[in-house]
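Trainee: I have a structure here, written as structure tokens, and I will follow up with some questions on it.
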Amino acid sequence: MKKKNLIIIGKRSFIGSNIYNILKKKKKILLLSLKNFMKLPESEISKYDYICNCSVNKNNVQYDYNKNLDFDYKIAKKIEKIDTTFIFLSSRKVYKPKQNISENSKLQPIDKDSKNKLISEKFLKKKLKSKLLILRISNVIGLKKNKNYRQIHKTFFDNYLNLVKLNKKIEFHDQFKDFISIEQLSKIFFLILKKKLHGIYNVSLGQKIYVNEILKWLNKSNKNKKNFIRKKISREEIKRYSFSLNNSKLHRTINYKPKKSELKKFCIKLSKIIH
């Protein structure tokens, strides 16, 4: 019997609710809470090719790793003997910041959350072996789809929205980062389900985007865009905090490379909605 496509855990998550809303007409996807997933019998879970956990325990983001607080640990134990693949949403922050970071680049987590992500990665590899897909994702740009959205992480875009609400002058450092829109990420998920991937992949635009550049797109319809003031910083500071991911491994596998023009168009569209 042909399997269904994907279980997404995390009804109130930003990534999970968006991917569900974008792909639900194209793929057989079940969106549910962690509590309800844990009640599912193995026979029901085994009907799906993939399980992706988008729910996070905020305590596992803020404090030292504790497996009792790790939802991914709990899910992995439940599905260990089931023939389905687990998609683990990791972070670009597991790497040391630099340009053109590949999956083989040095792992040097920069905060508590990324340290815990790396610990979870290692446990999942041991527990699930080949039944695992790790996605190390860059900054995701997009609006929440769920009114009861539960915010655990503050993303670049979250911070931008908060600064817009303050309506005060703010200085920013023009470092470069790597971004991807939620629409591009959803398309990648669609192709992952089609290709049935396993292993570790960077998920990103794969290009340097300076903060000043993306702010211009997001501020396109902002009457108070002059509140954002670029502050000059040294090349050394730019090098220390800037990063971009190499996404060629994923691109070669799914035959899709997100374009900068797509991200620009998406941000300008968001600007009209926000402002």
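Trainee: Suppose we keep only residues that are in a helix (DSSP H, G or I) and without any contact (Cβ under 8 Å) to a residue 60 or more places away in the chain within region 256-273. Which one would you say is least open to solvent (accessible area, probe 1.4 Å)?
Mentor: The qualifying residue least open to solvent (accessible area, probe 1.4 Å) is 271.
Trainee: If you take the residues of region 46-61 that are outside any loop (DSSP other than H, G, I, E, B) and touching a helix residue (DSSP H, G or I) at 6+ places or on another chain (Cβ under 6 Å), which of them is farthest from residue 134 (Cα to Cα)?
Mentor: Taking the candidates together, the pick is 59.
Trainee: A further question on this structure: When region 83-102 is examined, which residues are found to be part of a loop (DSSP other than H, G, I, E, B) and either touching a residue at least 60 places away in the same chain (Cβ under 8 Å) or open to solvent by less than 10 Å² (accessible area, probe 1.4 Å) (or both)? Steps first, please.
Mentor: Applying the first criterion (part of a loop (DSSP other than H, G, I, E, B)) to region 83-102 yields 83-84, 96-100, 102.
84, 97, 98, 99, 100, 102, listed by residue number.
Trainee: Can you give me the number of residues within region 11-39 that are open to solvent by 30 Å² or more (accessible area, probe 1.4 Å) and either of a type in the set (Ser, Thr, Tyr) or not in a helix (DSSP H, G or I) (or both)? Quick ask: steps written out before the conclusion?
Mentor: Residues of region 11-39 that are open to solvent by 30 Å² or more (accessible area, probe 1.4 Å), as a first pass: 11-12, 15, 20-22, 24-28, 30-31, 33, 35-36, 38-39.
Among the residues that remain, those that are also either of a type in the set (Ser, Thr, Tyr) or not in a helix (DSSP H, G or I) (or both) are: 11-12, 20, 24-28, 30-31, 33.
The number of residues fulfilling the criteria is 11.
Trainee: Next question, about the same structure. Quick check: is even one residue across region 44-62 of a type in the set (Gly, Ala, Ser) and either more than 21 Å from residue 143 (Cα to Cα) or open to solvent by less than 30 Å² (accessible area, probe 1.4 Å) (or both)?
Mentor: Keep residues of region 44-62 that are of a type in the set (Gly, Ala, Ser), which gives 46, 55.
Checking which are either more than 21 Å from residue 143 (Cα to Cα) or open to solvent by less than 30 Å² (accessible area, probe 1.4 Å) (or both) leaves us with 46, 55.
Yes, region 44-62 contains at least one residue that is of a type in the set (Gly, Ala, Ser) and either more than 21 Å from residue 143 (Cα to Cα) or open to solvent by less than 30 Å² (accessible area, probe 1.4 Å) (or both).
Trainee: Considering only helices (runs of 4 or more DSSP H) fully contained in region 142-255, which possess at least 3 residues that are of a type in the set (Val, Ile, Thr) and crowded, with 18+ Cβ neighbours inside 10 Å? Outline the logic, then answer.
Mentor: Values: elements: 156-166, 182-195, 211-218, 235-241, 248-254.
Correct list: 182-195.
Trainee: Follow-up question, since we're still on this one. Please verify whether residue 73 is buried (at least 16 other Cβ atoms within 10 Å of the Cβ), more than 19 Å from residue 2 (Cβ to Cβ) and modelled with pLDDT of 90 or more, treating the condition exactly as stated. Outline the logic, then answer.
Mentor: Values: buried (at least 16 other Cβ atoms within 10 Å of the Cβ): yes; more than 19 Å from residue 2 (Cβ to Cβ): yes; modelled with pLDDT of 90 or more: yes.
Answer is yes for this residue.
Trainee: Follow-up question, since we're still on this one. Which residue pairs have Cβ atoms under 6 Å apart, sit 6 or more places apart or on different chains, and have a first residue in region 147-172 that is closer than 21 Å to residue 112 by Cβ and at pLDDT below 90 and a second that is open to solvent by less than 60 Å² (accessible area, probe 1.4 Å) and not polar (S, T, N, Q)?
Mentor: Qualifying pairs under 6 Å: 152/56; 152/61.
Trainee: Does residue 105 count as open to solvent by 10 Å² or more (accessible area, probe 1.4 Å), among the small types (Gly, Ala, Ser) and either more than 17 Å from residue 65 (Cα to Cα) or part of a helix (DSSP H, G or I) (or both)?
Mentor: Criteria met by residue 105.
The values are calculated or read from the model by the stated rules, or taken from the named source; none is laboratory data. All of these numbers come straight from a predicted model, not from anything done at the bench. Every residue, glycine among them, receives a Cβ derived from its backbone with ideal geometry; neighbour counts consider all protein chains shown. Accessible surface areas use protein heavy atoms only, side chains included; no ligands, DNA or RNA. Shrake-Rupley method; radii C 1.70, N 1.55, O 1.52, S 1.80 Å.
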